[in-house]
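Data block below; observations after.
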Amino acid sequence: MKQTILFDLDDTLIHCNKYFYQVIDRFTAQMLDWFGSYGVTAEAVRDKQTEIDIAGIDILGFKSDHFPQSFIETYRYFTELTGRRRDTIEENSLWQLGRSVYEHEVEPYPHMQETLDALAESGHELHLYTGGELLIQNRKIEQMQLQRYFDNRIYVRRHKNIDALEEIISGGPFDRSHTWMIGNSIRTDVVPALTAGLHAIHMITEVEWLYNVIDIAVEPRGAFFTLNHLREVPGTIHGYVNRPAP
């Protein structure tokens, strides 16, 4: 039976979090170089940057500038805390460091192509639903040549939440009983899908962003699976669709 399958992009089909953490490591090292003599610790820097970063998502959504801005605001917080003088050159260097996260080459998760091939060849309709800015996300999509799987069924939203997914589903030819959402984020993929009455697959990542981790307080109306590898997706969907009638 044909299914409609929406895939998340970042940290579901391609790597993303690990590049942010690499840049945060460099930011933390630079902050300790400037503020370590004042008793500031790496843990304090990371905690404050995370706090500011997550707060920015609620206001700006997945706007690219909010990540480097979290570096600037963290820097300013510790200048106020310690009394160290703010420096425009230092702030500019942190801004450039934060923006550098969007310049890396795109790296697919293992078995990305085989998984999408298997689902497409089985006759399922594939959609891509991702959070971020159109220019940045389109660059990733083009580098991975993902249009061959998703064609014009690609949705990029700055705010990726319950309302955004519901708008897509209610505004398109989706049969909720045959529609799946697959993604790594409980907050932006799983909970919105379950709220909309879709099937959901939560993909586990090695290191998850704190923003994505929330409790699931929605009772699934259909299937809900947690998987570790993309290659498990086709068999999981086919097994559910072809399960014996009760």
Return the total of residues in segment 134-153 being touching a helix residue (DSSP H, G or I) at 6+ places or on another chain (Cβ under 9 Å) and closer than 13 Å to residue 64 by Cβ.
2
Selection count, segment 207-220, where residues are touching a residue at least 40 places away in the same chain (Cβ under 8 Å) and either surrounded by 14 or more Cβ atoms within 10 Å (Cβ to Cβ) or not hydrophobic (A, V, I, L, M, F, W, C) (or both):
3
Can you confirm whether residue 73 is of a type in the set (Asp, Glu), in contact (Cβ under 8 Å) with a residue 40 or more places away in the chain and assigned by TED's automatic domain parsing to the domain that holds residue 24?
no
Residue 231 meets each of (1) touching a strand residue (DSSP E or B) at 6+ places or on another chain (Cβ under 9 Å); (2) in contact (Cβ under 8 Å) with a residue 40 or more places away in the chain; (3) charged (D, E, K, R) with one exception, condition (1)
Considering every residue within segment 152-168, establish whether at least one is surrounded by 13 or more Cβ atoms within 10 Å (Cβ to Cβ), β-branched (Val, Ile, Thr) and in contact with a Lys or Arg (Cβ under 6 Å, 6 or more places away or on another chain).
no
As an exercise: evaluate residue 125 against (1) more than 13 Å from residue 7 (Cβ to Cβ); (2) out of contact with any helix residue (DSSP H, G or I) (no Cβ under 7 Å at 6 or more places or on another chain) and give the number of the one condition it does not meet.
(1)
Output the strands (runs of 3 or more DSSP E) that fall wholly within segment 145-246 and possess 3 or more residues being out of contact with any Leu (no Cβ under 8 Å at 6 or more places or on another chain), or say none.
224-227
Quick one: residue 122 ticks every box in (1) touching a Ser or Thr at 6+ places or on another chain (Cβ under 9 Å); (2) within 23 Å of residue 173 (Cα to Cα) except a single one, so which number is it?
(1)
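The values are calculated or read from the model by the stated rules, or taken from the named source; none is laboratory data. Computed from a predicted structure; not experimentally measured. Ideal geometry is used to build each Cβ from the backbone, glycine not excepted, and the neighbour counts take in all protein chains shown.
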